[in-house]
Amino acid sequence: MSVTQLRPGTASTPPPRATSGSLLQKKLARQPISALTAYDYPSARLVDEAGIDMVLVGDSLGMVVLGYENTLPVTLDEMLHHTRAVARAVRRAFLVADMPYGSYHASPRDAVRNGLRFIKEAGAQAVKIEGGSSRARLVRRLTEAEVPVVGHIGLTPQSVHSMGGYRVQGTSLDAMHRLSADARALEEAGAIAIVLEGMPRELAAEITAESSIPTIGIGAGPDCDGQILVFHDLFNLTFSPPAKFARRYADGAAFFASALAQYRDDVATHNFPSDAESYHLSREVKLGFEAAMEAARPRVRKA
Ligand code: KIV
């Protein structure tokens, strides 16, 4: 058993909650928006308490937490489960949840029903879906159903097979025009923000300048309105070399490995737990216990 100290109750005044409006205000004031993924209660609390503006329960969950090869197998139930855990932790940041592959592709009716679950059951403030112009009608449907939508264009991991791998997008003039048109279509359909992933800096800068909604970049250069990274990339917890854009802020793997080796050795050498880390009987109970043990001990008769 281990006890996590949950948030104090209603006595403390909660900090003001970020909204799509406050994110837009940051864009207009040219204040960069910080965003990070989180998938569970402790990491979400750390991210929220660090003052990050937006928390995304990304379907990168599948790769960095659940050990899948890509994001495609992630289920709606898995995303809802992790979004609920994150929602219990987040007080300040704007909370966005990824709709997983297959949850918005079959029919608009199912997509809206699934999107509503993230808001109603899991506590997200918006959902994110991948794709550009081809998703514009769906973005409109979701928005009309009071499900705010963050778009995601460029390198869209759910399209790994149609892209032929994870490749930087928008590198030809044609592709640049298509991605600019995608961003416009999403904005016109009502998206509240757009993630720009894996595209040349120049293109992301152009889309950002043309958009009236915030752009949040990942591998898209410094000119976006905000930046997002995957939590596990920040802390070297992915067991793989980082992508070019993923700056490591701490070596979590080395930190954990050294603590784990220390724990293993302490157990092996009887250094853990110490007497101070053990519970003890009270003096009274101890005396009674020792007397009872003594009385129960078999006596050897003298001949
Ligand atoms: O799933 C995810 O983590 C994402 C971010 C990389 C934007 O979509």
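The values are calculated or read from the model by the stated rules, or taken from the named source; none is laboratory data. Keep in mind the model is a prediction, meaning the values are calculated, not measured. Note that we place each Cβ from the backbone using ideal geometry, even for glycine, and neighbour counts take in every protein chain shown. Just the protein is used for accessible areas: all its heavy atoms, side chains included, with ligands, DNA and RNA removed. Shrake-Rupley method; radii C 1.70, N 1.55, O 1.52, S 1.80 Å.
What to note about this one:
- Centroid-to-centroid separation of the stretch 214-273 and the stretch 1-64 [C-alpha atoms, Å]: 18
- Given a 1.4 Å probe and the protein chains as shown, residue 192 ends up with an accessible area of around 40 Å².
- Dividing the C-alpha radius of gyration of the stretch 1-75 by 2.2 N^0.38 Å, with N its residue count, gives 1.38.
- In this calculation the C-beta distance from residue 261 to residue 70 is compared with R0 = 30 Å, giving a FRET efficiency of 0.40.
- Taking every C-alpha pair closer than 8 Å and separated by at least 6 residues, the mean separation divided by the residue count of the chain gives a relative contact order of 13 percent.
- Most mobile of 237, 66, 203 in a GNM of the chain (Cα contacts under 10 Å): 66
- Structure remark: mean-square fluctuation, Gaussian network model of the chain, C-alpha springs under 10 Å; the largest value among 209, 126, 93 belongs to 209.
- Distance between modelled label sites at residue 167 and residue 283, nm, 7 Å Cα→Cβ extension: 7.9
- Accessible area (Å², 1.4 Å probe, nearest 10) - residue 263: 130
- Potential lengthening of the chain between residue 175 and residue 3 amounts to 56.7 nm, from the contour at 0.36 nm per residue minus the alpha-carbon distance.
- The angle between the Cα long axis of helix 173-189 and the main principal axis of the chain comes to about 80°, on a 0 to 90 degree scale.
- Residue with peak Gaussian network fluctuation, the chain [Cα springs, cutoff 10 Å], from 242, 222, 16: 16
- Each residue was assigned an accessible area with a 1.4 Å probe, and for residue 163 the value is about 30 Å².
- Cα convex hull of the chain, projected area averaged across orientations, nm²: 24.1
- Surface accessible to a 1.4 Å probe, per residue, for the residues of the stretch 146-303, Å²: 64
- Förster-model FRET efficiency, 41 Å R0, residue 212 and residue 254, C-beta, rounded to 0.05: 0.40
- The accessible-area ordering, largest first, of the residues 187, 277, 197, 146 stands as 146, 277, 187, 197, per a 1.4 angstrom probe.
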